[in-house]
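Let me begin by presenting the structure, written as structure tokens, before commenting on it.
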Amino acid sequence: MSVQANKKVDVFALFLPEIKDRLNERNFAQVKEIIKSIPIMDLVEGIKLLEGNHKVLVFKLFSQKRAIEVFENLSFDDQSYLLNNLNNQEISEILNEMASDERADLFKDLPDRVVKKLKGLMKKEEVDDLNRLLEYAEDTAGSLMTTELIELRPSMTAKKALLSVQENYRPGQIKDINSIYITDESHKLLGEVTLQMLIIASPDMLIKDIMTQVDWIKVNPDMPSTGVAKNFEKYDLLNMPVVNAENYLLGIITIDDVVDLIHKERTKEIYEIGKMSTKEGEEIRYAHIGSMGLIKRRAGWLIFLLMFDFLTGTVLKTFEHALTTVVALTFFIPMLLDTGGNAGNQTSITIIRGLGTGDVTFENAWKVINMELKAALIMGVIVGGVAFARAVLLQQSPMLAVVVGLTMMAIVLLAIVTGLFLPLVSKKVGLDPAVLAGPITTSIVDVIGLIIYFKIAQALIPALKM
């Protein structure tokens with residue numbers, strides 16, 4: 001199988017058998033030929049499929065530029081494995097040429113003894129830059145930014161600026177040159193100019209005459225990363241400057257870092273709603289996780305929720321007399337609780353998403369509450385009517401149908417109110433709404449809903465009146 005004959009195929013897995021065979025034969029030249037046309041991200045995925053020694057052999061066949069790009073995108077475990085199996089010269093080349101933000105992300109998770117060793121293999125200026133980035137707290141703009149960038153001066157001509165870009169651009173380290181920032185001699189941010197503007201501008205035109213202001217898009221290094229992501233989404237940005245309180249340019253955040261951040265946040269939200277361990281937004285991939293991995297991600301929450309469900313059994317035991325006297329009450333319990341859980345989840349998910357996007361804030365909370373309560377009343381009547389009709393058809397008992405219909409109305413109201421207020425309260429006290437709102441909403445609906453059901457039944461069904 002040759003790469004030339006399969007130009008349209010760019011999935012590493014399709015080449016895996018041949019790559020393994022050539023590695024076992026020590027035919028490294030042919031392996032190098034195979035992998036040179038495979039896209040970077042397919043190589044990243046493919047390395048995960050190789051055994052330990054083969055990982056190192058394939059990695060050593062990359063050109064330096066490709067090796068750095070692949071390394072930056074590997075999982076922390078694969079990065080650590082390579083660092084433990086490459087020689088000092090190879091490690092030095094990778095660490096010194098990595099993008100500064102990717103390098104900082106790697107070092108944050110390494111043991112102190114390994115950090116000390118690796119810093120000894122790096123250039124002093126790169127170590128100083130790394131130390132500055134490591135000072136920023138996790139999940140802030142400072143932790144996302146890269147310090148490799150191109151700066152232009154306002155007195156430059158467009159021609160000189162283009163030459164400066166060409167001279168200072170370093171593939172792999174400088175991620176983005178769509179927007180280039182203008183600073184004075186002390187690196188104070190003055191504005192930006194796009195590469196397109198530089199190209200079409202008259203060669204003698206001064207940068208100060210074509211640059212635009214950036215006051216509305218620059219951020220402080222301490223801004224939470226979620227705020228950074230919202231700005232990128234709101235203003236459709238490709239990059240954003242990071243400045244200190246005195247407006248000195250510290251670095252830039254590029255869209256690829258924000259896409260990764262948004263992806264992790266969305267993944268984390270989905271897993272939180274599904275009640276699984278989020279592991280900071282790390283995706284569950286069946287190709288790598290294994291059965292024990294699934295158990296670790298799920299078992300804790302299942303046990304936690306099971307303990308909440310003990311309360312439901314306690315309530316049923318308390319009203320055991322009602323169940324044995326009017327057995328038909330049992331038929332409608334699943335319908336009542338499931339509908340209540342669904343109504344609560346609909347509301348809580350909408351509120352949680354609104355809090356995440358900024359659509360729901362504490363400033364407009366009363367407007368949202370008013371809207372949800374009106375909807376709850378109407379939905380309670382509609383769903384309660386459907387439940388009443390179902391009970392009449394199933395049991396031909398008007399009084400039992402009234403009990404079921406009234407209970408359904410009450411449970412839907414209870415579920416929506418709980419799903420509305422719990423995320424808001426969680427957010428107010430600094431907790432993650434997605435973590436607490438789901439299980440607590442369901443538990444409240446189950447326990448209080450059953451109590452409401454049996455109390456209404458005791459009040460309206462003659463056989464249950466004390």
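In region 232-250, how many are surrounded by fewer than 21 Cβ atoms within 10 Å (Cβ to Cβ), touching a Lys or Arg at 6+ places or on another chain (Cβ under 9 Å) and polar (S, T, N, Q)?
Going through region 232-250 one residue at a time, the tally reaches 1.
Say whether the condition of being closer than 19 Å to Ala457 by Cβ and buried (at least 17 other Cβ atoms within 10 Å of the Cβ) is met by at least one residue in region 368-380.
yes
Let's see how each residue does on (1) outside the structural domain of Thr441 (by TED's automatic domain parsing); (2) modelled with pLDDT under 90; (3) over 14 Å from Leu422 (Cα atoms); (4) not hydrophobic (A, V, I, L, M, F, W, C):
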residue	(1), (2), (3), (4)
Arg298	no, yes, yes, yes
Leu305	no, yes, yes, no
Gly313	no, yes, yes, yes
Ile333	no, no, yes, no
Gln346	no, yes, no, yes
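Which of (1) at pLDDT 90 or above; (2) among the aliphatic types (A, V, I, L, M); (3) surrounded by fewer than 16 Cβ atoms within 10 Å (Cβ to Cβ); (4) farther than 23 Å from Leu163 by Cα does Ile253 not meet, given it meets every other one?
(3)
Tell me whether region 366-374 contains one or more residues that are acidic (Asp, Glu), within 34 Å of the chain's Cα centre (by Cα) and in the same structural domain as Asp446 (by TED's automatic domain parsing). Talk me through it step by step, then tell me what you get.
The initial filter retains those residues of region 366-374 that are acidic (Asp, Glu), namely 372.
With within 34 Å of the chain's Cα centre (by Cα) added as a condition, the list becomes 372.
Narrowing further to those that are in the same structural domain as Asp446 (by TED's automatic domain parsing): 372.
Within region 366-374, one or more residues are acidic (Asp, Glu), within 34 Å of the chain's Cα centre (by Cα) and in the same structural domain as Asp446 (by TED's automatic domain parsing).
Look through Val31, Val70 and report the one residue that is more than 23 Å from the chain's Cα centre (by Cα), free of Cβ contacts under 8 Å to residues at least 60 places away in the same chain and either surrounded by 19 or more Cβ atoms within 10 Å (Cβ to Cβ) or within 30 Å of Ile150 (Cβ to Cβ) (or both).
Val31
With Ser100, Ser92, Ser75, Ser143 as the choices, which residue is touching a residue at least 12 places away in the same chain (Cβ under 8 Å), farther than 24 Å from Glu265 by Cβ and not hydrophobic (A, V, I, L, M, F, W, C)?
Answer to the check: Ser92.
When you go through Leu414, Leu422, Leu406, Leu400 one by one, which is the residue that is within 19 Å of Asn345 (Cβ to Cβ) and at pLDDT 90 or above? Please lay out each step first, then the result.
On the way: Leu422 fails: at pLDDT 90 or above; Leu406 fails: within 19 Å of Asn345 (Cβ to Cβ); Leu400 fails: within 19 Å of Asn345 (Cβ to Cβ).
Testing whether each residue is within 19 Å of Asn345 (Cβ to Cβ) and at pLDDT 90 or above leaves just Leu414.
Can you tell me how many residues within region 341-361 are within 24 Å of Asn231 (Cβ to Cβ) and of a type in the set (Ser, Thr, Tyr)? Let's see the steps before the verdict.
So in region 341-361, the residues within 24 Å of Asn231 (Cβ to Cβ) come out as 350-361.
Within this subset, residues satisfying the condition of being of a type in the set (Ser, Thr, Tyr) are 350, 357, 361.
So the answer is 3.
Of everything in region 232-250, what is at pLDDT below 90 and closer than 20 Å to Glu148 by Cβ? Give them in sequence order.
Matches in region 232-250: Phe232, Leu237, Leu238, Asn239.
Tell me whether region 122-139 contains one or more residues that are touching a Phe, Trp or Tyr at 6+ places or on another chain (Cβ under 8 Å), within 30 Å of Phe28 (Cα to Cα) and not in a loop (DSSP other than H, G, I, E, B).
The answer is no; no qualifying residue exists.
Starting from region 393-416, keep only residues that are in the same structural domain as Thr347 (by TED's automatic domain parsing), then list their pairs with residues that are part of a loop (DSSP other than H, G, I, E, B) whose Cβ atoms are within a distance under 8 Å, requiring at least 6 positions of separation or different chains.
Met399/Ile461; Leu400/Val326; Leu400/Ile461; Val403/Ile461
For region 73-91, enumerate the residues that are surrounded by fewer than 16 Cβ atoms within 10 Å (Cβ to Cβ) and at pLDDT below 90.
Passing the criteria: Ser75, Phe76, Asp77.
Give the residues of region 33-51 that are more than 16 Å from Arg22 (Cα to Cα) and touching a helix residue (DSSP H, G or I) at 6+ places or on another chain (Cβ under 7 Å), sorted by residue number.
The answer is Ile38, Ile40, Met41, Asp42, Leu43, Val44, Glu45, Lys48.
Select from region 45-62 the residues that are surrounded by 19 or more Cβ atoms within 10 Å (Cβ to Cβ) and either of a type in the set (Val, Ile, Thr) or touching a strand residue (DSSP E or B) at 6+ places or on another chain (Cβ under 9 Å) (or both) and list them in ascending order.
Scanning region 45-62 gives Ile47, Val58.
Filter region 302-335 down to residues that are acidic (Asp, Glu) and under 44 Å from the mean Cα position of the chain (by Cα), then give me how many there are.
The initial filter retains those residues of region 302-335 that are acidic (Asp, Glu), namely 309, 320.
From the residues that got through so far, the ones that are under 44 Å from the mean Cα position of the chain (by Cα) too are 309.
Result for region 302-335: 1.
Do we have Lys108 as in contact (Cβ under 8 Å) with a residue 12 or more places away in the chain and charged (D, E, K, R) here?
Values: in contact (Cβ under 8 Å) with a residue 12 or more places away in the chain: yes; charged (D, E, K, R): yes.
So Lys108 passes the test.
The values are calculated or read from the model by the stated rules, or taken from the named source; none is laboratory data. Not measured: the values here are computed from a predicted model. Cβ: placed from backbone, ideal geometry, glycine included. Neighbour counts: every protein chain shown.
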